[in-house]
Structure formats: structure tokens, C-alpha cells
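The values are calculated or read from the model by the stated rules, or taken from the named source; none is laboratory data. It should be emphasised that the depicted structure is a prediction, and the values quoted were computed from it without experimental measurement. For neighbour counting, all protein chains shown are included, and Cβ atoms are generated from backbone atoms with ideal geometry for every residue, glycine included.
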Amino acid sequence: MERVGFMKIISLIVLAFLMMCAAMGEGATFDFEDGMNPGFAQSGSCVIAVNQHTEGNYSLSIGKRSQNDWDAADLSPAKAGIALGDTVKISFKAYQSSGKTGTIALAYAGGSYGILASAAFPSGKWVDVEGIFDYSEEQNLRFKVDDALANEEYRLDDIRITVLHAEENDKKQALDYQSDFSAGTDGWYARSAGTASISAQDGALTITGREATWNSPGRDFPLIAGTTYQVGVYVRQDAVDKADFMISAAHFRGGTESYENIVKATARKGEWTYLGATYVPGLYDNYVLYVETSNNGTIPFSMRDFFVNCNEVTYPMDLSSLKELYAPYFVVGTAVTQSEALNKERMDFYASQFGIVTAGNELKPDFVFDVGASRRAAKTDETAVVIKLDAAKPMLTYCYNHGIPVHGHTLLWHQQTPETFFLLGYSTSKGYASREIMLGRMENYIKLVMEETEKLYPGLIVSWDVVNEAINDNNGGLRDGLWRQTVGDDYILKAFEFARKYAREGVILCYNDYSTPYQPKLNGILKLLTDLTAQGNIDCYGFQSHYQLGSPSIKQVDDAMTSIANLGLKLRVSEMDITIDTYTPEMLEKQAKRYAELFDLYMRHADDILAVQLWGVTDDLSWLSGQYPLLFDRLAQPKPAFEALIAQIAQ
Ligand code: XIL
């Protein structure tokens, strides 16, 4: 009896200990400083060993490798403290000195061999690899390099693996903050390099002594990447007729601070004015929310009832599926931004409805072009380009691991491309680069983006927008952007020539534009497409399709589709959304009817249409969120437009 009692107590203690560990977030850290291998196993025919890379600094070396990419280091999930179904955060450092550039990745060591995190792996410097992934296959973890580093040795160090437990996530996700400032400044502080200060009185927080627009009340919040938050506040100023206010976020990652403006509103003198919006944070180490002005830099102001909370979004996984129902006609897809891609549940919902995905922003030049690294490279070669794919990786990795094809958007565009791309030395002081240099940069950029994405995610990207929005709305001529100014009128033909040269066999190359059905733009587009078709490198035209309720007419869209298809090109509806002015039952019905009519038209053109892709899923995260243009509301529930599309095809 006594013994049983004793055992019970022991098991209760063990259980309590396990529960404590679970709540704390398990995982493992390996810095190799004791010179011992903590359990990494050699895969393939290499030799792994813990030794010093500089005096007194130990790391894990993976050497004597053959040409096989599976000559790598494996780690069992048990040693890393990971169990099936865990959400895991990983970071590690890697080094190689082969003189070549390759890719370093964490992947499953079996099953799908899916990639969980990866990074470009240049020679001669320690690189940081970081990612959040769902451990969904009962496989070891493999730290590997790609074929570009065949036979080469590499090193690993400072491997940190943290399991983000559901309980921890729940705790943070349940964030429900609101302050009436009755208990003082409540953790808020003045963001200022000088004289600004805050004080709380009468249920409001007031900031004075501001010297710049960013001088603001700010507060740290434990936000979780990919979670959907509602943020709101009332602001008031008594200094000027009108002032624009913003709720913004500041976040750090890898020591670099960056900012986002979440919502903006104008406050008239003496009026408490509300500003609020949905915010889905991207992946950062920490987050500060703050309230600033975007003009009238230094006026004092007050705020009250700041809140941030997390809606319980229950994704409707049991709906009829658009992608399944329309599969006989075309693939239905959507655009996804990074913060959405970081939320696995949200992505699982998207994957249930959509069969092709595009990055809403993260494959555009302003995300991909690495200004600093390119500037350094340009010192020896003006045409050198360095790229980074970090922002797109959460989406690309999800799609790769779930077998969802991706459409690439976009290689060349006059917007979201830093002006530095066109400058000599990528530097503001030296003027624009010559045609020859710009052609070299264009070729290098297209080559790198296509080859890097292909290397990291073989076969994933099935089509690309090579050039976006090159035709002038008013006269149908070429838009006078910096590509045209630096290269000349043939820049589009050149881009398609390079894209064809570096695209994987079978990848579909598109020209993409908006306001297609309207003249004189349509004629301009047709002329450009005729030239591109004669050159033989274009496959497809992308109709962006950002439409309103009343315009364009179905006939206009129909005619434009027919005339473009008659050139022998395939069609994509690439960025569809339909705006409404107010969120009323009548408007939602009109929107539903309009979606159904357009899809009906697309079905009639199904022989030519490859994909119909929405520009987002839920209204709150749309680029036109104030006009509710999508199929799902902010709680991810289907709107009448979704129901109409299902009803139409299910008949
Ligand atoms: C939009 C994104 O959705 C926004 O988040 C961004 O701020 C601006 O660009 N035509 C295009 C898309 O080709 O790339 C644009 O996307 C919408 C219009």
C-alpha cells in the first residue's frame, strides 16, 4: 500500500514537472561549446564532428562529403524536444568557405523531404537561418545544403529550437487589452529622442513636447505573427484645424527596426476621432504599437480607450470548395501576404478553397532586391544584383509542403521597385545607369529570381508576371517609367527574352495589366501583345480585374477576352476583386450577382482561361479593405458573393 502511495506521489511530481515544461515551451539549444556531439547523426557518407572553427569556438562540421545533398547532419525530434503536431521556432547559424554560393536548409529527413526553413548560403560568412514550422511528419530533421555545394564542408552552430506550445499561443492569442488610463500610463511610454513626455489624466493619455511626427505614446505588446488582431483608439487634438493620425507598429528582427502604418484617420480640432483596423503582424522578435501624427509634426494630442484584441476566428473548413467545383473550368486561386502565410490555420482554410497562390507583395522587386548587398557587389560589377527571398518564404514553403502551385508576381514593374535599382552604383549621388548596365541588371535579376526560387522550391512556380502595368491608361502608349527611360522602348521584349531564357521548361510567361476592357488602353495592350507574340516568348495575358459594381460591363470584358485570346494567348484573371461602397445587405447582394456574372463569363471562356485568382480572401486584409471587395468577411465567414459562386456551379 505504502509503496503504491509513494509511486503515486512520484508520478504526480513527474507529471507536474512535465506540465511545467510544457507550459514553459520546450526545445533545445546546441552551441557545441563543451566539444561534445549532443546527438547529431551523420546522413549519407560524410563525417560529422564537433571541433573548433576558431580558437576556443566549437561548432559542428559536416565534412568529407560526396556530391550528394543528403550528406548532411540529422537530428531526431526527441533530441530537439519536438513532438508530432508541435509548432516549432528554429534558428541556427551556418558557415562554409568553398568560394561558392549555395543554399542551407532544414528539411524532413524522409517522407516528403519538405523544407522547413532555408536561406542563401554564401561563402566566408556565418549566415542566420530562421523559421517557424509545423512539425507534421514523423521524420528526423536534416540540416543540409544543396547541389551547388556538392562535396563541400559546412558548419552549424547556435542551434535553437523552441516549441511554441498551444497553451502559450492561446495565452498570447487571447490578448484582450483596453485601457482607460485610470491606473496611470499603464505601460505606455513616450517614443522620443528628446523632450516628449506623456501623462495620464481624466481617462486619457496626453503627449506634449513632441519634436517629430514619430514622437508618440508607445507600448510593447506580445503579438504573435500571423494572428488576426483588432486595434483601435480615440484621438483628439486642439492645436490645428485638422491633423492626420496613425496607429503604427514598430518591430525588431535580427537587430533591425522596421515600421508599419496600420490605419490612418483625420481628426478635426477638438473632436474625439476614432481610428481602428485589423492588423496581422509578420514575423518579428518584438512589437510596439504607437499612435503618431503623419503631418502637423509637433502638436500635442491625447488618446483614450486604446484597445488591441484577438478575434476568435473559426475558419469554416466544411464549406463547398471553389477550387473543387470550378476545377473542370479553371483553377481558382488567391493572393496571400506574408503575415497570412505565417498562420497555419488560416492557410489550411485558404488551401481548402484555392488551388493556386500568389504573393500579394513579397515577390515584387522592393521585397526581393537586396539594396545593401547589391551596392557592395556593384563596386566590382555594375550589373551585379543580389536578391533575398525571405519575405516570400513562409508562403512558398507552405505551398511547397502542401503541393499548391504558385504564380510569381512580378519581375518588372514601375511600382514597388526601389529607384536605387536604376542608379549607378545603386547610389543616389551618381545618376541613372546606362542602357547596357540596365540590360545586364535586368538579365541578372530575372535569372536570379527564377533560378533561386527554382532551386529552393523545385517545380513550385508554374507561371510568372514578367512585366506588370506597362501601358498608359490615357493614350495606350508605353508608360514612361524608369525601365523605359533607362533601357528604351524594347525593355518589355528584352524582359520576356530573358525570362524565357531562364524559366524552367513549361513555365508560363505573362504580361499583366489593369483596366484592360477600356479604350484606348485595350488597343495599346493589344499592340504590345501582338509584338510580344511575334517575338514568341509570351504565353499568357493577366487581366487584373479590380472591378466596381457598375463597370466594366460584362460585354466589355467579354470582348477584351475574345480579342486577346484571338492573338493565340492564354488568359489569367489575376487579381480579381469587386468593390462596394457600404456594407449593407443590398450592396452585398449586388456584389454577389456581379461575381456570379463574371464567373459565368469566365466559364464561357474556360478554354482560354488558365486561372481565376482573387486578390485576397478576407475583406479586412484586402488592399481595398474599406470597400469590402472579397468573398469572405473579416471573421473569415462566407459573404453572399461566395454563396452565389457556389450556387451557380452547384446547379
Ligand atoms: C497591391 C498590394 O495588394 C498592396 O498590399 C500594396 O500596398 C500595393 O500593391 N496591381 C498589382 C498588385 O499588380 O501588385 C497590387 O497589389 C494591386 C494592383
Look at region 612-637 and say how many of its residues are under 16 Å from TYR583 (Cα atoms) and either within 13 Å of the ligand (Cβ to nearest atom) or not in a loop (DSSP other than H, G, I, E, B) (or both). 12
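Based on what the data block shows, is THR334 within 16 Å of the ligand (Cβ to nearest atom), at pLDDT 95 or above, in a strand (DSSP E or B) and surrounded by 13 or more Cβ atoms within 10 Å (Cβ to Cβ)?
Considered against the rule, which asks whether it is within 16 Å of the ligand (Cβ to nearest atom), at pLDDT 95 or above, in a strand (DSSP E or B) and surrounded by 13 or more Cβ atoms within 10 Å (Cβ to Cβ), THR334 comes out as yes.
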I want to confirm something. Restricting to region 478-515 and keeping residues that are among the β-branched types (Val, Ile, Thr) and more than 27 Å from the chain's Cα centre (by Cα), which single residue is surrounded by the most Cβ atoms within 10 Å (Cβ to Cβ)? VAL487
Scan region 602-611 for residues that are in a strand (DSSP E or B) and away from the ligand (no atom under 16 Å from the Cβ) and jot them down. ILE609, LEU610
Can you tell me which of (1) in contact with a Gly (Cβ under 6 Å, 6 or more places away or on another chain); (2) loosely packed, with under 15 Cβ neighbours inside 10 Å is the one ARG191 doesn't meet? (2)
Hits in region 337-346 - residues which are in contact with a Phe, Trp or Tyr (Cβ under 8 Å, 6 or more places away or on another chain) and either part of a loop (DSSP other than H, G, I, E, B) or surrounded by fewer than 23 Cβ atoms within 10 Å (Cβ to Cβ) (or both): LYS344, GLU345
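Each row is one residue, and each column tells you yes or no for (1) over 21 Å from the mean Cα position of the chain (by Cα); (2) within 30 Å of GLU345 (Cβ to Cβ); (3) crowded, with 22+ Cβ neighbours inside 10 Å.
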position	(1), (2), (3)
ARG375	yes, no, no
THR380	yes, no, no
ASP390	no, yes, no
THR397	no, yes, yes
PRO405	no, yes, no
GLY408	no, yes, yes
GLU419	yes, no, no
GLY440	yes, no, no
GLU443	yes, no, no
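Name the residue that is surrounded by the most Cβ atoms within 10 Å (Cβ to Cβ), counting only residues in region 102-154 that are assigned to a loop (DSSP other than H, G, I, E, B) and among the charged types (D, E, K, R).
In this case the residue turns out to be GLU152.
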Assuming LEU322 fulfils every condition listed in (1) in contact with a strand residue (DSSP E or B) (Cβ under 6 Å, 6 or more places away or on another chain); (2) surrounded by fewer than 18 Cβ atoms within 10 Å (Cβ to Cβ) apart from one, which condition is it? (2)
